Structures are given as C-alpha cells and as structure tokens.
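The next block holds one structure in the form of structure tokens; read it before the comments.
The values are calculated or read from the model by the stated rules, or taken from the named source; none is laboratory data. Here the structure is a predicted model, which means the values were calculated and not measured. Neighbour counts are summed over all protein chains in view; Cβ atoms, including those assigned to glycine, are modelled from backbone coordinates with ideal geometry. The protein model used for the area step is the full one, side chains on, heavy atoms only, and it has no ligands, DNA or RNA in it. Shrake-Rupley method; radii C 1.70, N 1.55, O 1.52, S 1.80 Å.
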Amino acid sequence: MIHLEKITRENWRQATFVTTDPQKKCPLDEEWVTSAAFSIVQSVYEPEWESRLIMDDDTIVGFIFYGWWAEKEAPLFCRYMIDVDYQGKGYGKAALPIIIDEMMRQYQTNRIFLTLEKENKRAVRLYTSFGFVPTGELDEGEEIYVYSKD
C-alpha cells in the first residue's frame, strides 16, 4: 500500500539515492528537480521544510519535499520525484492525492502552492489533472500553481 514515511536515522542513506536520473549519478540538480540528498540536508537545517519517502509497502518508490511558504502564507509543494526504476507505473498519480491530503491536514489549510518549469510537460499534465491551476505569477523563473479545496 502506498504511504508516506519520515526520513529517519535508519533510512536516510537509502532516501538520498532516490533519483529521476536514468544513469543514477545522483547529481545535485537533476533535470527538473533538486536532488533528494540536498533536500534531506535542507530539511535538517531549515526546519520549515519536510522530507518524506513515498513507499509501496517496504519499497522506496519516491521522495517529496514541502514546507511553509511565508510569502504566500501557505504550504509549498516544492519537490516531487518518483525513482527512475518506478516511473511509468502509476506511482506519481497514486501518491499525489495522499501528499495533498497530508499537507492540508498538517497545515490546516485548503490551498497548496507549487512551482514548476513550463517545459516540464509531464509534471504540468499531472498537476493540472489534479486541479492545480497557474496563478500567472513566477518565482525564480518557475510558474506558480495553486490547488484549492473549497
């Protein structure tokens, strides 16, 4: 069953190897997203950020990174990746509503922001299919999207 799990002393090393890179080099910046390794370190030293593994039973299939966006006074869904070995198997679609529900519960809110590069067509399709809509704003060159549950 798909669920989220905190990064812990026992699993952080495995978490840093979640990658979207087909060559599995684990670069700091992958094609569309900053690496899991960088995100985990960031969440340790910047407590407003959270890192979670996406699990399928005992198997790590992906990674998410999110936190509080003070500028918008709302949570920001910042980084989302399904490991290259598990892409194309439905995990992205299966995990996204779980992530949205967790963030809304944790932050007691009915809206979530995210930013992404418009060239990342696959991500644009995924997020818009779940109700994220562009705001027309940019943040560091990326388009800002918002999800609202009314």
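Listed values, structure above:
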| read-out | value |
| --- | --- |
| Evaluation of LYS24 against (1) of a type in the set (D, E, K, R); (2) in contact with a strand residue (DSSP E or B) (Cβ under 6 Å, 6 or more places away or on another chain); (3) at pLDDT below 75 (one fails), failing number | (2) |
| Considering residues of the range 1-17 that are farther than 19 Å from TYR45 by Cα and modelled with pLDDT under 80 only, the residue most open to solvent (accessible area, probe 1.4 Å) | PHE17 |
| Residue among SER39, SER35, SER51 that is open to solvent by less than 20 Å² (accessible area, probe 1.4 Å), without any contact (Cβ under 8 Å) to a residue 24 or more places away in the chain, polar (S, T, N, Q) and within 20 Å of ILE7 (Cα to Cα) | SER35 |
| Condition check for THR115: within 14 Å of the chain's Cα centre (by Cα), among the hydroxyl-bearing types (Ser, Thr, Tyr) and within 12 Å of PRO75 (Cα to Cα) | yes |
| Residue check, VAL84 open to solvent by less than 10 Å² (accessible area, probe 1.4 Å) and more than 12 Å from the chain's Cα centre (by Cα) | no |
| Residue satisfying condition, being free of Cβ contacts under 8 Å to residues at least 60 places away in the same chain, among the β-branched types (Val, Ile, Thr) and under 25 Å from ASN11 (Cα atoms), within set VAL44, VAL84, VAL133 | VAL44 |
| Residues (on the phi < 0 side of the Ramachandran plot and open to solvent by 60 Å² or more (accessible area, probe 1.4 Å)) located in the range 107-127 | ASN110, ARG111, GLU117, LYS118, GLU119, LYS121, ARG122, ARG125 |
